[in-house]
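Here is the structure we will look at, set down as structure tokens.
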């Protein structure tokens, strides 16, 4: 997908950014066009070769009409935790985080929320939980023109509704 200067995009696992310039970059002896992306969350800049943008997973912001689907995932009562071992769960969740799709990230957040209600998350899972929450909140805030605290409250309410409805299915920890 081709982007132009000023487009807001999502850089998987990093968050929302803005294409600031498209410039030629000298790499491997030839010049290649690159997007200069400023990540909104921390104001850092990243160069992404235009030819690699699909492989990296750069994508436009989720459309406003699709945000409801993200909240449906968060509120859904069916939670499949997968592996009872934190390492197995972490790998499954990492694959979903790498997809960059907001619904996959919402699934990770919901699953880790459920696990967190049962027992303490591992350090790596805590970081992933925080990352998933940040990615969802920041993108929805950008899409809907809301403040991050407002969106954070809505995400929390959706997770609470999910947790109140039914206990998840999946392997038991022994």
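Listed here are the residues, each with its yes/no results for (1) in the same structural domain as residue 129 (by TED's automatic domain parsing); (2) out of contact with any strand residue (DSSP E or B) (no Cβ under 9 Å at 6 or more places or on another chain).
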site: 3; (1), (2): no, no
site: 15; (1), (2): no, no
site: 23; (1), (2): no, no
site: 30; (1), (2): no, yes
site: 36; (1), (2): no, no
site: 43; (1), (2): no, yes
site: 75; (1), (2): yes, yes
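Each row is one residue, and each column tells you yes or no for (1) more than 26 Å from residue 17 (Cβ to Cβ); (2) assigned by TED's automatic domain parsing to the domain that holds residue 159; (3) assigned to a helix (DSSP H, G or I); (4) out of contact with any helix residue (DSSP H, G or I) (no Cβ under 9 Å at 6 or more places or on another chain).
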position	(1), (2), (3), (4)
71	no, yes, yes, no
95	no, yes, yes, no
103	no, yes, yes, no
111	yes, yes, yes, no
121	yes, yes, no, no
129	no, yes, yes, no
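Here are 84, 113: which of them is modelled with pLDDT under 95 and buried (at least 19 other Cβ atoms within 10 Å of the Cβ)? Can you show your working first?
Numbers: 84 fails: buried (at least 19 other Cβ atoms within 10 Å of the Cβ).
Exactly one of 84, 113 is modelled with pLDDT under 95 and buried (at least 19 other Cβ atoms within 10 Å of the Cβ), namely 113.
Looking at 13, 43 in this structure, which one is over 16 Å from the mean Cα position of the chain (by Cα), part of a loop (DSSP other than H, G, I, E, B) and under 30 Å from residue 112 (Cα atoms)? I'd like the intermediate steps shown before the answer.
Values: 13 fails: over 16 Å from the mean Cα position of the chain (by Cα).
43 is the lone residue from the list that is over 16 Å from the mean Cα position of the chain (by Cα), part of a loop (DSSP other than H, G, I, E, B) and under 30 Å from residue 112 (Cα atoms).
Inspect region 50-62 for any residue being more than 14 Å from the chain's Cα centre (by Cα) and within 16 Å of residue 142 (Cβ to Cβ) and give the result as yes or no.
Scanning region 50-62, I find no residue that is more than 14 Å from the chain's Cα centre (by Cα) and within 16 Å of residue 142 (Cβ to Cβ), so the answer is no.
The values are calculated or read from the model by the stated rules, or taken from the named source; none is laboratory data. Everything quoted here is computed from the prediction, not taken from an experiment. Every residue, glycine as well, gets a Cβ built from its backbone with ideal geometry; the counts of neighbours run over all protein chains shown.
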